[in-house]
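Any read-out appearing in this document is the output of simple, stated calculations on the displayed coordinates, not a laboratory observation. Quantities reported herein were computed from a predicted structural model and do not represent experimental measurements. Cβ coordinates were reconstructed from backbone atoms using ideal geometry, including for glycine residues, and neighbour counts include every protein chain displayed.
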Amino acid sequence: MTVTRQMLTLFHRAVGQFVPLDEFRRVLDSPKASVAKELAELEKLGFEIEAHPHWGFRLLQTPDRLMADDLQARFQPQTIGHQILVFEETASTNDVVEHLALKDSTEGAVVFAETQTRGRGRHGRVWTSPRGKGLWFSVLLRPRFPPPRITIAASVAVVRAVRDWCGVECRIKWPNDVIVDGKKLAGILTEVRGATAVLGLGVNVNCQPTDFPTNLQTVATSLEILTGRRHDRPALAARLLKELDRYYLQAAQNFDALSEEWAGLSTTLGKQLVLTIGTRRIEGQAFALDGNGALILRRDNGQTERIVGADVTVER
Ligand code: BTN
């Protein structure tokens with residue numbers, strides 16, 4: 001573990017309280033001079049630290065920048081987040097994770113980018129990722145359960161993390177949209193290849209309407225637009241990873257409970273829907289998820305159908 005991460009772990013655990021010098025000495029196992037040097041390094045990275053002659057040091061401000069050591073210092077994962085990489089810029093974090101998978105990286109590796117030049121959504125749609133304004137990241141998974149459950153787990157995790165973070169209540173529009181008042185706050189793209197699944201999430205955090213393409217300005221939203229204030233992205237990122245870790249485990253161990261929680265947040269269940277799957281168009285009412293995470297639709301012709309991926313074009 002890096003020294004930076006050890007120092008930040010102490011600070012984050014203390015949640016705004018002073019950490020005595022001795023505690024830093026203990027974890028660093030080093031003389032006073034090097035603790036001072038490490039603190040100065042943190043300040044160079046943008047962390048604001050207050051020093052007190054008797055009480056020690058406390059963290060006053062963290063920078064609005066995603067850093068692997070900082071994120072990893074904020075929580076202890078079971079699976080998701082034991083390895084974190086952060087890129088200033090990449091084409092698509094889903095592609096980076098796909099490469100990691102080929103190199104046999106372990107399950108739970110996470111890749112963030114401050115901006116993506118070719119961020120994508122479902123069906124090859126463009127996903128706009130303005131620099132430093134959102135959380136654009138992907139997770140390497142090797143699920144031992146049906147992959148559609150991943151998107152279900154991820155959508156519930158996003159809703160819970162956002163609610164705990166700032167009280168904004170989101171709903172889930174099946175299969176992959178997290179929405180507030182009908183506008184999209186976050187999108188999920190799960191891509192499966194063999195035993196590997198890449199879970200990609202885009203969460204609009206500090207985006208302004210003008211950050212979105214003109215045609216999306218009326219249908220997209222962000223936490224800043226919803227609350228009128230900027231949000232601490234690294235803190236929210238850590239919460240999100242923590243919830244993803246928790247719900248990913250639940251997808252494996254107790255999908256019934258997860259499914260019930262999802263149903264309570266869904267805007268899709270119980271509604272009369274028009275679904276398009278490629279060139280097919282089906283109408284009916286969605287009434288449940290099955291054990292695999294597929295949507296069960298009662299068609300207007302009386303038949304029941306399992307739907308795994310579709311565009312919900314109309315909800316009445
Ligand atoms: C959608 O709503 O259609 C899914 C959007 C998913 C966007 C995220 S941003 C991080 C990851 N990398 C990508 O290229 N896409 C996903």
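Odds and ends about this structure:
- Over the range 43-109, the alpha carbon radius of gyration divided by the compact-protein estimate 2.2 N^0.38 Å works out to 1.49.
- Dimensions of the range 164-215 from C-alpha coordinates, computed as largest minus smallest value along each principal axis and given longest first, are 38, 28, 19 Å.
- Radius, Kirkwood style, for the chain when every pair of distinct Cα atoms is counted (Å): 20.8 Å
- Of K44, K133, K184, the one that fluctuates the most in a GNM where the chain has Cα springs shorter than 10 Å: K44
- Comparing E261, E88, E41 in a Gaussian network model of the chain where C-alpha atoms under 10 Å apart are linked, the largest mean-square fluctuation is found at E41.
- Taking every C-alpha pair closer than 8 Å and separated by at least 6 residues, the mean separation divided by the residue count of the range 272-315 gives a relative contact order of 40 percent.
- Alpha-carbon Debye profile of the range 3-61, log10 I(q)/I(0) at 0.27, 0.30 Å⁻¹: -1.30, -1.62
- Between R230, R120, R74, the Gaussian network model of the chain with springs among Cα atoms under 10 angstrom shows the greatest mean-square fluctuation at R230.
- Within a straight-line Cα-Cα reach of under 19 Å, K173 can be paired with the following lysines, leaving aside sequence neighbours fewer than 8 residues apart in one chain: K183, K184, K271.
- P(r) weight above 21 Å for the range 170-316, C-alpha pairs, percent: 52 percent
- q = 0.16, 0.24 Å⁻¹: log10 I(q)/I(0) that the Debye formula gives for the range 113-212, counting C-alpha atoms only: -0.68, -1.41
- Scalar couplings 3J(HN,Hα) for the range 61-76, obtained by applying the Karplus form with A = 6.51, B = -1.76, C = 1.60 to θ = phi - 60°, are 9, 10, x, 7, 8, 7, 9, 4, 4, 5, 5, 5, 6, 9, 7, 10 Hz; x denotes Gly and Pro.
- About the centre of its Cα atoms, the chain shows a dipole size close to 500 debye [charges on the beta carbon of Lys, Arg (+1) and Asp, Glu (-1) only; nearest 20 debye].
- Kirkwood hydrodynamic radius (C-alpha pairs) into Stokes-Einstein, the range 222-267, 25 °C and 0.890 mPa s, D in µm²/s: 196 µm²/s
- Ranking W55, M7, V86 by how far each Cα lies toward the positive end of the dipole of the range 1-91 (charges on Cβ) leaves W55 at the top.
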